[in-house]
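Structure, as structure tokens:
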Amino acid sequence: MSLKNYISKVLFNKNMSGNLKTFLAFIVNSKRYSSKFKKSSLDFSNNEIFAYNFKNGNKRFDTYLRTFKGDIDIFYEIFWKETYKEHLQFLVNDPKIIVDLGAHIGMTSMYLSLKYPNSKIYSVEASQENFEILKTNTKSFTNIVCLNAAAHFEDGTLKFGGDELSYNQKVSEQGILTKALSMGSIMKSYDIEKIDLLKIDIEGAEIELLSKNNSWLQKVENIVIEIHPPYDAKSLNNDIEPYNFSIKNQRKDVLFVNKSLS
């Protein structure tokens, strides 16, 4: 890491930390995690978890992060690097209804809640372990609703899991049996008539979600998505183009798409 990035990260930690204890603990645990990650020596059986008190503007919130499961990486990705900031600039209006598919432990949902406090956010996460932390992390965010299910092209069950890093959980034969819900069922459960912003990061399951039984796309206005090989921008465009979507922005594997103006 360059000196410039190191200073930027330290200042970010200082500004986000609600107290000195959080600032010091997060700096130390970030270093503990990164040093083991670089050496490929992470002990995935170590379920150490810390509660950090963060702040953003006038909002203070406790956030639980597992030290050695990749949670710290995701926190930095969403709040420090602000992965979605550039894409969200393409929104014409602030979204009122947001659905977060692959909510993990809540980082993106919390980021969007802070950015759009008048929105209603539905956070969908398949992993039971991640989901329990998601519920805890979003407890003080009254506009976030959590759902434990895998977003799929049809209702049913599937095997989900198969990776030690918490953010790489996916549909896998090594996973555990998990409830799967179609987008139509999710929307019906919460009386959602239109989705202003749909965030998708579901580790490859976007292939079937967007290519099969996808008429629900008629009710979506904007999508920010992370795609995973073999699914690429061309595949995405082929699936969404029939519903008048087009790709507006792409940075590496994260894309923003919305409906073309008539």
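The values are calculated or read from the model by the stated rules, or taken from the named source; none is laboratory data. It should be emphasised that the depicted structure is a prediction, and the values quoted were computed from it without experimental measurement. Every residue, glycine among them, receives a Cβ derived from its backbone with ideal geometry; neighbour counts consider all protein chains shown. Heavy atoms of the whole protein, side chains included, go into the accessibility calculation; ligands, DNA and RNA do not. Shrake-Rupley method; radii C 1.70, N 1.55, O 1.52, S 1.80 Å.
Residue-wise test of (1) assigned to a loop (DSSP other than H, G, I, E, B); (2) open to solvent by less than 30 Å² (accessible area, probe 1.4 Å); (3) under 29 Å from Ile121 (Cα atoms).
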{"residue": "Phe23", "(1), (2), (3)": "no, no, yes"}
{"residue": "Phe26", "(1), (2), (3)": "no, yes, yes"}
{"residue": "Asn29", "(1), (2), (3)": "no, yes, no"}
{"residue": "Ser35", "(1), (2), (3)": "no, no, no"}
{"residue": "Ser41", "(1), (2), (3)": "yes, no, no"}
{"residue": "Lys55", "(1), (2), (3)": "no, no, yes"}
{"residue": "Tyr64", "(1), (2), (3)": "no, no, yes"}
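Could you tell me how many of the residues in the stretch 148-188 are in contact (Cβ under 8 Å) with a residue 12 or more places away in the chain and outside any loop (DSSP other than H, G, I, E, B)?
27
Determine whether the stretch 144-156 contains at least one residue that is in contact with a Gly (Cβ under 6 Å, 6 or more places away or on another chain) and more than 27 Å from Ser211 (Cα to Cα).
Looking for residues that are in contact with a Gly (Cβ under 6 Å, 6 or more places away or on another chain) and more than 27 Å from Ser211 (Cα to Cα), one finds none in the stretch 144-156, hence no.
Can we say Ser185 is within 27 Å of Gln128 (Cβ to Cβ), open to solvent by 70 Å² or more (accessible area, probe 1.4 Å) and of a type in the set (Gly, Ala, Ser)?
So Ser185 fails the test.
Pick from Ser235, Ser262: which is out of contact with any strand residue (DSSP E or B) (no Cβ under 9 Å at 6 or more places or on another chain) and modelled with pLDDT of 95 or more?
Ser235
Out of the residues in the stretch 43-53 meeting the condition of being open to solvent by 70 Å² or more (accessible area, probe 1.4 Å) and not polar (S, T, N, Q), tell me which one is farthest from Tyr167 (Cα to Cα).
Within the stretch 43-53, the match that is farthest from Tyr167 (Cα to Cα) is Phe50.
Asn168 is checked against (1) among the polar types (S, T, N, Q); (2) modelled with pLDDT of 95 or more; (3) farther than 16 Å from Val220 by Cβ and fails just one. What number does that condition carry?
The failed condition is (2).
Tell me which residues, restricted to the stretch 1-21, are in a helix (DSSP H, G or I) and of a type outside the set (S, T, N, Q).
Of everything in the stretch 1-21, those that are in a helix (DSSP H, G or I) and of a type outside the set (S, T, N, Q) turn out to be Leu3, Lys4, Tyr6, Ile7, Lys9, Val10, Leu11, Phe12, Lys14, Met16, Leu20, Lys21.
Scanning the stretch 190-203 for residues that are touching a residue at least 12 places away in the same chain (Cβ under 8 Å) and open to solvent by 20 Å² or more (accessible area, probe 1.4 Å), which turns out farthest from the chain's Cα centre (by Cα)?
Selected residue: Glu193.
Output the residue which, of all residues in the stretch 243-256 that are free of Cβ contacts under 8 Å to residues at least 24 places away in the same chain and farther than 13 Å from Val220 by Cβ, is least open to solvent (accessible area, probe 1.4 Å).
Going through the qualifying residues, I end up with Ser246.
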